[in-house]
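A quick write-up on the structure given underneath.
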Amino acid sequence: MSVFTAWKRGVRWATLSVACMGLMACASPKPADYAAEKPVLDLREYFNGDIDAYGIFTDRGGRVVRRFVVTIKARWEGEKGVLEEDFVYSDGEKQRRVWTLIHQGDGKYIGTADDVVGEASGQVAGNAFQWSYVLRLPVGDRTYDVSFNDWMYLMSDKVMLNKATMSKFGIRLGEVTLSFHKR
């Protein structure tokens, strides 16, 4: 095989790879895709009061590596909400995260928490809420900044399902799946 033929083959593979990545990006869901779905999610209404959540973390291969329960106390004053989340993991570890959410209008929200790098940003449309943020995640003696692409789907006035993909440097690390139950 000549150098020119090898070069052409390499260019073709690179072009095909870029095209595939572009198609995958186009295929990613957007909050607007769920605008007509019901029941309509009002984040301020759902996350107001006491909520219990049950979750799992699965690794890249789909194996459950951690289970947890979360108790949430949520309240809103105008456009500002506070979600106090208390986690209890299957190994007995406990963790607390307090989110401060600000409704920006037009279904948009920003949020902060002590272990979130910068601000989280999200959008509600129909029954769905898409939320992106970087979480400072302790693992053993180290801490990693991990990106979350978080999707929540309102199933009824009491139940919401949550699926979050965790990644680092664009590499998928695993998923978190939660079921929220409003008391």
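Quickly run through the stretch 60-119 and pick out the residues that are among the acidic types (Asp, Glu), open to solvent by 40 Å² or more (accessible area, probe 1.4 Å) and farther than 16 Å from TYR46 by Cβ. Passing the criteria: GLU77, ASP86, ASP91, GLU93, ASP106, ASP114, GLU119. Every test in (1) more than 29 Å from HIS103 (Cβ to Cβ); (2) at pLDDT 95 or above; (3) open to solvent by 60 Å² or more (accessible area, probe 1.4 Å) is passed by ALA36 save one, and that test is (1). No other residue among GLY126, GLY170, GLY122, GLY140 is surrounded by 13 or more Cβ atoms within 10 Å (Cβ to Cβ) and on the phi > 0 side of the Ramachandran plot apart from GLY126. Just to be sure before I move on: is GLY55 within 28 Å of GLY170 (Cα to Cα), touching a strand residue (DSSP E or B) at 6+ places or on another chain (Cβ under 8 Å) and modelled with pLDDT of 95 or more in the structure I sent? Taking the combined requirement at face value, the residue satisfies it.
Please indicate, with yes or no, whether at least one residue in the stretch 112-133 is modelled with pLDDT of 95 or more and either among the basic types (Lys, Arg) or closer than 18 Å to VAL69 by Cα (or both).
No, every residue in the stretch 112-133 fails to be modelled with pLDDT of 95 or more and either among the basic types (Lys, Arg) or closer than 18 Å to VAL69 by Cα (or both).
Give the stretch 41-50 a look and list any residue that's surrounded by 15 or more Cβ atoms within 10 Å (Cβ to Cβ) and under 18 Å from ASP106 (Cα atoms), or say none. Selection gives LEU41, LEU43, ARG44, TYR46, PHE47. Restricting the search to strands (runs of 3 or more DSSP E) fully inside the stretch 55-146 and requiring at least 2 residues that are among the aromatic types (Phe, Trp, Tyr) gives 64-77, 80-89, 128-139.
The values are calculated or read from the model by the stated rules, or taken from the named source; none is laboratory data. Model, not experiment: these values are computed from the prediction. Virtual Cβ from ideal backbone geometry, glycine too; neighbours counted across all protein chains shown. The accessibility values were calculated without ligands, DNA or RNA, using every heavy atom of the protein model including side chains. Shrake-Rupley method; radii C 1.70, N 1.55, O 1.52, S 1.80 Å.
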